[in-house]
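K.L.:
Quick one: the structure is below, and I'll ask about it shortly.
The values are calculated or read from the model by the stated rules, or taken from the named source; none is laboratory data. Owing to the predicted nature of the structure, the values given are computational and were not obtained by experimental measurement. We place every Cβ from the backbone using ideal geometry, glycine too, and count neighbours over all the protein chains shown.
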Amino acid sequence: MPFLKFRYQPKNELEEGGRSAEPVPQEESEPEQTCPNCHKSIPISALRANMNVCSCGHHFRMSARQRIAMTADEGSFCELDGSLRSSDPLMFSGYQEKLRASEQSTGENEGVVCGECRIDGNPCCIFVMEPGFMMGSMGSVVGEKITRLFEHALERRLPVIGCTVSGGARMQEGLLSLMQMAKTSAAVKRHGDAGLLYIVLLTDPTTGGVTASFAMEGDIILAEPNATVGFAGARVIEQTTRKHLPKGFQRAEFLLEHGFVDAIVPRSEQRAALSLLLSIHSEGGVI
Ligand SMILES: [Zn+2]
């Protein structure tokens, strides 16, 4: 009866001719990262597109390869000593497992990536530490790769650019790790004595034995905004000295104010800054 049909009220969506009972496939939501500064959630792709910098200016950590891709001319990077891997000389409990886990999560063999590249056409050697590999800690292979890079740069008469991020010496290698400070420093000195340029870019965090050696030995020392740079942790210093530390202690801006850093360069300006510094210091440079 047309009248009854007219009055009929569907009891649910299926009777209404609506959606089927099949579960609707949910679109996979994009992973997000929360900014520790402004607390906004940012989709990873948006972060990547902005060089891992939040709209509030917070600089997230980035992998060594990402940084090289952002800094070097496309296709110009040629890796050196990429196959060197750490052994476990002291048979330190759990070290092998930590190394394998870092290899798997980063796809790197060690905590630093070294090579030769061009920046805006300027040839240079570059090393970039990898925060994902045991927090860029310096074991014997990290020290060896950096030493070899300076020796290679000396032979080829090239400047070196070093991007540091490190928790310091790698405790699992004990004394062997500590002696990398002297070894890398000697290589930096030989390179410098030959009149060659070394530029450091300190990124968050650069601490411990790395700060106490090659990270602070550059002819020009740049830093990323708000990067933590120091030797011992602030809490340890406070407990030892029993003094209240000033605001901003061990931050890049504090170091700039106190003469340890030459300039703070935001990520978006780093390539241009490095290119300018390299060209000024090349033979027959721009100035
Ligand atoms: Zn933010």
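K.L.:
Any residue in the stretch 38-57 that's over 19 Å from THR203 (Cβ atoms) and near the ligand (Cβ under 7 Å from one of its atoms): show its pairings with residues that are basic (Lys, Arg) and assigned to a loop (DSSP other than H, G, I, E, B) at Cβ separation under 8 Å, as long as the two are six or more apart or on different chains.
P.N.:
SER55/LYS40
Listed here are the residues, each with its yes/no results for (1) aromatic (Phe, Trp, Tyr); (2) part of a strand (DSSP E or B).
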| position | (1), (2) |
| --- | --- |
| GLY82 | no, no |
| PHE92 | yes, no |
| GLY132 | no, no |
| VAL141 | no, no |
| CYS163 | no, yes |
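K.L.:
When you check MET138 against the structure, is it touching a residue at least 60 places away in the same chain (Cβ under 8 Å) and in contact with a Gly (Cβ under 8 Å, 6 or more places away or on another chain), yes or no?
P.N.:
yes
K.L.:
Another question, if that's okay. Which condition number does ARG118 fail, the rest of (1) under 20 Å from the mean Cα position of the chain (by Cα); (2) surrounded by 24 or more Cβ atoms within 10 Å (Cβ to Cβ) being met?
P.N.:
The one condition ARG118 does not meet is (2).
K.L.:
Let me ask you something else. Right, GLU32: more than 16 Å from the ligand (Cβ to nearest atom) and at pLDDT 60 or above or not?
P.N.:
no
K.L.:
Among ASP88, ASP73, which is charged (D, E, K, R) and over 18 Å from VAL128 (Cβ atoms)? Full working, then the answer.
P.N.:
Numbers: ASP73 fails: over 18 Å from VAL128 (Cβ atoms).
Going through ASP88, ASP73 in turn, the sole match is ASP88.
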